[in-house]
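The values are calculated or read from the model by the stated rules, or taken from the named source; none is laboratory data. The structure presented is a predicted model; accordingly, all values stated were derived computationally and were not measured. A quick note on method: Cβ atoms are made from the backbone with ideal geometry, for glycine too, and the neighbour counts reach across all protein chains shown.
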Ligand SMILES: NC(=O)c1ccc[n+]([C@@H]2O[C@H](COP(=O)([O-])OP(=O)(O)OC[C@H]3O[C@@H](n4cnc5c(N)ncnc54)[C@H](O)[C@@H]3O)[C@@H](O)[C@H]2O)c1
């Protein structure tokens, strides 16, 4: 089997690459080292992941090209049975500063992937996001507890289903570009019969995640605590997410490919059993590290959701899948990996 992973040097992409290389499949990565720009932790992640893959699996098929170029995507996708499309501009903050690059990368980039898939008859797995629901999520009343918010409406006790409204609300440019891409993937299934899985991800975390303040908050909080950097919380820290360990995500992707499903949209996260507020995360971090993060508080950011929990029952039912790693184990694992690689985060 032949797989193309766009964004294959990123956090989720590199775990997909590793999973299929282990299976002995032929894997091609298309990545333009976008995340390598700048001088943050994240910029180190792309190079670290490349080195990690080379060290463990030998020479890697890497196409250093941009998803915004159709010719590049078409060439890389030749003969691919499956395309995992993870490449994206991933930060809401960046999308607010530069909505054009965000749009071209996320919306046009996805159209290019779909056109390449159509030519090859490849199946597509697309990493969408819970941001497609925008601030509609905030219309659900919440209850406030000491360390967290929770949905107050019983209708959402299992989380947000795939049928939740996506329009008449605020999304941020990132939410819009990912939503455009999400709808395009769905439409290619309906119009051209393309096989595809759209996975609306909540919060994915795990080893080899180079979190920064703007994206990958769980990893960022662990890195900041271990390197004594200050953390700014936007809001009051009671915001809740369902968290999904990256290896559980890859199993869900693989279950989709192995199934007879033609086209589906899934909300995918840890579900109601695997939720964390930021304040609760600090307690976890303190438990595993003995250190309390240095925290200050600032205003909520545009389009922030107070609570987001995925209803994962459709994924459980159709994919025979459920998350295996609970937040306590997951945070311990990410903490261990970050501690073992602390030099990466302390060097300038
Ligand atoms: N990590 C999460 O919790 C989460 C949550 C919701 C959605 N997602 C989605 O999952 C996908 C992967 O996220 P991640 O956390 O692994 O991000 P990441 O930033 O670690 O990886 C993205 C990769 O895409 C590459 N890339 C960016 N622009 C590109 C371009 N124009 N051409 C080619 N390559 C390009 C980057 O260099 C990087 O290697 C994204 O589509 C993101 O929107 C992630």
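A few comments on the model shown:
- Test: residue 166 is farther than 25 Å from residue 236 by Cβ and modelled with pLDDT of 95 or more: yes
- Test: residue 226 is touching a residue at least 60 places away in the same chain (Cβ under 8 Å) and more than 25 Å from residue 311 (Cβ to Cβ): yes
- So residue 5, is it touching a strand residue (DSSP E or B) at 6+ places or on another chain (Cβ under 8 Å), under 23 Å from residue 263 (Cα atoms), within 12 Å of the ligand (Cβ to nearest atom) and outside any loop (DSSP other than H, G, I, E, B): yes
- Filter result for residue 93 (surrounded by 19 or more Cβ atoms within 10 Å (Cβ to Cβ) and touching a strand residue (DSSP E or B) at 6+ places or on another chain (Cβ under 9 Å)): no
- Applying the criterion of being farther than 18 Å from residue 127 by Cα and out of contact with any strand residue (DSSP E or B) (no Cβ under 8 Å at 6 or more places or on another chain) to the residues of region 10-32, the residue that is surrounded by the fewest Cβ atoms within 10 Å (Cβ to Cβ) is 24.
- Test result for residue 232, surrounded by fewer than 19 Cβ atoms within 10 Å (Cβ to Cβ), over 15 Å from residue 41 (Cβ atoms) and either within 14 Å of the ligand (Cβ to nearest atom) or under 13 Å from the mean Cα position of the chain (by Cα) (or both): no
- Any hit, region 195-210, residues being in a helix (DSSP H, G or I) and in contact with a helix residue (DSSP H, G or I) (Cβ under 7 Å, 6 or more places away or on another chain): no
- Within region 295-348, the only residue that satisfies the criterion of being over 18 Å from the mean Cα position of the chain (by Cα), part of a strand (DSSP E or B) and surrounded by 16 or more Cβ atoms within 10 Å (Cβ to Cβ) is 295.
- In region 39-54, the residues that are over 19 Å from residue 218 (Cβ atoms) and touching a residue at least 24 places away in the same chain (Cβ under 8 Å) form Cβ pairs under 6 Å with partners that are more than 9 Å from the ligand (Cβ to nearest atom) and outside any helix (DSSP H, G or I), at six or more places apart or across chains, as follows: 53/60.
- Restricting attention to region 238-249, the residues that are within 12 Å of the ligand (Cβ to nearest atom) and more than 11 Å from the chain's Cα centre (by Cα) add up to 2.
- Of all residues making up region 148-169, the number that are part of a loop (DSSP other than H, G, I, E, B) and closer than 20 Å to residue 270 by Cα: 10
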